[in-house]
Each structure stands twice: as structure tokens, then as C-alpha cells.
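Each remark here refers to the structure printed beneath this line.
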Amino acid sequence: MGCHTGAGSNITNAIPMPAQTPTTPATDSRTHRSAFITGITGQDGSYLTEHLLAQGYTVHGLVRRASMFNRSRIDKIRARQEYPADQLVLHYGDLSDLTSVRRLLRQISPREVYHLAGQSHVGLSFEIPEVTCHEIGMATLGLLEALRDLDYPVRFYHAASSEIFGSPVVSPQTENSPFNPVNPYGCAKAFATQLCRVYRRAYGIFSCSGIAYNHESPRRGENFVTRKITLGATRIRHGRQAVLHLGNLEAKRDWGYAPEYVVAMWRMLQLESPEDFVLATGRACSIREFVAAAFAENGLELAFEGRGVEEIARRKDTGEVVVKVDSRYFRPIESSELVGDASLARKSLGWAPQTIGTDVASLMARAESEQVRLEQAG
Ligand code: G4F
């Protein structure tokens, strides 16, 4: 563990002493706002980091060596230099190496832990189910065990998912809806969510799960459908791509905007007592609607024709086929139309999503265009 300032790396040395030395931190973070984030290099990790820094927190993030070349989001925050370097500290580590994570927790003594890490692609979880379940299920268990052994109280946020409901028996879903996951990712999240409840009740740990529905942004990875669509639409507009190949266009998702969701995560840890919350917009829209909105933002009206794997979309102006369905992107089982009821979050956290469904598509498409403009401006 510990940190290395390698060539080209701007990960700082978090703790200026040998990593093995049990320490009291130079500034005792128990007396001021400090947070530890797993998954800091991801979409949510980067927005949460910005939110916490703005609140005056010192933010410590766990970075896997494998993330070395996938750190652009967090590196951009560091590069802006809006905050002192020691307010955002990255540590190399891995949740599969729990001894070192325990040591790190003892060294930095965070008041709040946000656990966002883990394989997050539902489709991929069918390809690598064991990795997915280890990274989500066992890593959460390990972290809870580590927190249980600490000699000071920590507040723990667990990034749960709407995928725990999978094929739901009620709609919209609330915090009390039964779990019914339909993919390895959802199974692992259900396991981890239930463990957070067990540790809360059994050991009094302040652990809570944000049962988040899809939340997107221009920082979304390109293998998730929203970013794939907004990137594809912009590239097609600029002649850089001919056709966008997608899977199931019928699927519907409850899409919100990621920067708004991290605010709810933070508010959950400011409550008097721990509780799980559904974080959702309450509205679902289809992949097809999201595609149409993203292309429209690029000035391209589409006409859809055909059904299932035969479905295509043409530009209305030229008749060119710009969207095709490709069965390679279908999943063995598709989660049903998941829609969340965030009434409890509204009541207890004062949280209500503002950017919903196709508004997210438009916002993301505008961000892609801005990126192209910046690239062209050199
Ligand atoms: O963008 P997706 O891959 O997101 P999915 O599966 O809903 O999962 C995301 O949201 C969950 C809830 O918050 C998270 F727990 C999870 O970690 C992740 O962030 O796919 C959305 C829908 C699916 O129905 C999929 O079948 O889009 C459909 N789809 C159609 N064509 C596609 C594609 N998905 C992907 N990734 N790529 C396609 O070409």
C-alpha cells in the first residue's frame, strides 16, 4: 500500500512515512471533515470528490494500479489546482488486499467512507460473474469487517443499485420492495445491500445504501449505453462514424444526472441515523427515446423502422441508416422496466432530481459537441 509518485504520476505521497508504521495522522482527521472514497476514479467518485472538496473535506481516494491509465476524471480535478494538494490524496490499493486497506483506514482515520468501487457493467457481469461478485459482494463484506474493528465511529455509504430489484414485483420500487435480481451484478449488489443492513442492526455500524437508479453524465464510461449513444450521435454528425450499433432499444431506464445523485449520497451520511434510500427520478424512458433526443440535439431527426434485431433508424434529411440493432449487445436476461420511488429521499434528505430522462440525453450530447469544438479549436 502506501503511495508512489512515479514518473508521470501525480498521485501524492499520502503519508510521509513507511506504510508499515502504525501511525496517528499528522492532522487528526477525526476532528475535521475527512472522507475515504473507493472507486474515486469513476464517474460518481469524481463528482463526489468535487462535492466534498467544496464542503471543505479532505478527500482520500483508493486507486487500483490497474486504474493508472484510467484516471483522467480525477486527474482533471487535480490539474485544476482549485484546492491545496493535501486536500485530495490518492492512495494505491485494492479491496482484494484488505490488510492494507485496514492499515490505510487506521492511518487516515476518515469520518466518512463512500464505497463506490467494483465492476459496474451489468452486461459484463454475465461474462465475468466471479470477478463481479468478488469485487462487489466480498469487497463490501471485507470493508464492513474492517469498519467493525475500528476503534472510532465511521459513517459508511454503500453504492447499491436498482438492479437488486431486477424483475420487480412492484412498480415503482421503494426501499421496502423485495429483491429479485436477474444478473450476477444485481445478485452481488443484493448481497452487499443486505449485509449493510445486517451490520447496521447487528453491530450498530452507521452503514447505509443508496439504491441508485441509472445516473449518467458526460463523464460516463463509453461502454454504458447513454455515453455510447451521445458519443455516436456526435461522431455521426461530424462524419467521424457511419453507424451506431446498439442492443435492445425497447429497454427502459429511470435516468437521472450523476452530479445530483452524489449530493444525496453525502446527505445520507449527515443524517442522525443510518437508513437506505432509493435515488431515482420516478420516470422511465426507452433507449429509443434517448437515441432520438441525442441525435436531435445534434440537429439530426431520426425515423425508426422495423422491429427487434431488424430495427434501424434513418436520418430524415438524407435517408442514411445511422442506427442498427446488433444482437451482440443483447443480454441473456434483461432487467425489467425499473422505476424508483424516491419519496423517502425527498422527505428525509430534501433531495429531488432535476435533470431527467431525455434532458440527460440533451445535456450529454451538448457536452460531446463542446468537446469536439474544443478539439477543433486545438
Ligand atoms: O447503460 P447500461 O449498460 O446500464 P445498466 O445495465 O442499466 O446499468 C447501469 O445502471 C445500474 C443502475 O443504476 C447500475 F447499477 C449499473 O452499475 C450501471 O451503472 O444499459 C442500459 C440499457 C440496458 O437495458 C441494455 O440492455 O441499455 C441497453 N442497451 C442497449 N444497447 C445497451 C446497449 N447497453 C449497453 N451497455 N450497450 C449497448 O449497446
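The values are calculated or read from the model by the stated rules, or taken from the named source; none is laboratory data. Values in this document were obtained by computation on a predicted structure and should not be read as measured data. Cβ atoms come from the backbone with ideal geometry, glycine included; neighbour counts cover every protein chain shown. Protein only, heavy atoms only, side chains kept; ligands, DNA and RNA dropped before computing areas. Shrake-Rupley method; radii C 1.70, N 1.55, O 1.52, S 1.80 Å.
So is Glu163 within 16 Å of the ligand (Cβ to nearest atom) and open to solvent by less than 20 Å² (accessible area, probe 1.4 Å) or not?
It is true that Glu163 is within 16 Å of the ligand (Cβ to nearest atom) and open to solvent by less than 20 Å² (accessible area, probe 1.4 Å).
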Looking only at the range 49-88, filter to residues that are in a helix (DSSP H, G or I) and of a type in the set (Ser, Thr, Tyr); which one of those is farthest from Thr38 (Cα to Cα)? Ser72
With (1) crowded, with 21+ Cβ neighbours inside 10 Å; (2) more than 11 Å from the ligand (Cβ to nearest atom) as the list, and Val323 as the residue in question, which single condition is left unmet? (2)
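Name the single residue that is surrounded by the fewest Cβ atoms within 10 Å (Cβ to Cβ) among those in the range 326-355 being of a type in the set (Phe, Trp, Tyr) and within 14 Å of the ligand (Cβ to nearest atom).
So the residue we want is Tyr329.
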Flagged in the range 259-275 as touching a residue at least 60 places away in the same chain (Cβ under 8 Å) and either assigned by TED's automatic domain parsing to the domain that holds Ile236 or open to solvent by 10 Å² or more (accessible area, probe 1.4 Å) (or both), in numbering order, are Pro259, Glu260, Val263, Trp266, Arg267, Leu271, Ser273, Pro274, Glu275
Members of the range 163-190 that are among the small types (Gly, Ala, Ser) and touching a Gly at 6+ places or on another chain (Cβ under 6 Å): Gly166, Gly186, Ala188
Taking the criterion of being more than 28 Å from Gly340 (Cβ to Cβ) and either within 16 Å of the ligand (Cβ to nearest atom) or open to solvent by less than 10 Å² (accessible area, probe 1.4 Å) (or both), would at least one residue in the range 245-257 satisfy it? yes
Identify the residue in the range 225-243 that is hydrophobic (A, V, I, L, M, F, W, C) and more than 11 Å from the ligand (Cβ to nearest atom) and, among all such residues, is most open to solvent (accessible area, probe 1.4 Å). Ala242
Counting only residues that are among the polar types (S, T, N, Q) and farther than 23 Å from Asp44 by Cα, which one in the range 166-224 is nearest to the ligand (Cβ to nearest atom)? Ser167
Being within 15 Å of the ligand (Cβ to nearest atom), in a loop (DSSP other than H, G, I, E, B) and open to solvent by 50 Å² or more (accessible area, probe 1.4 Å) is the filter here; which residues of the range 104-132 pass it? Ser120, Ile128
Residues (crowded, with 23+ Cβ neighbours inside 10 Å and either free of Cβ contacts under 8 Å to residues at least 24 places away in the same chain or in contact with a Phe, Trp or Tyr (Cβ under 7 Å, 6 or more places away or on another chain) (or both)) located in the range 185-210: Ser207, Cys208, Gly210
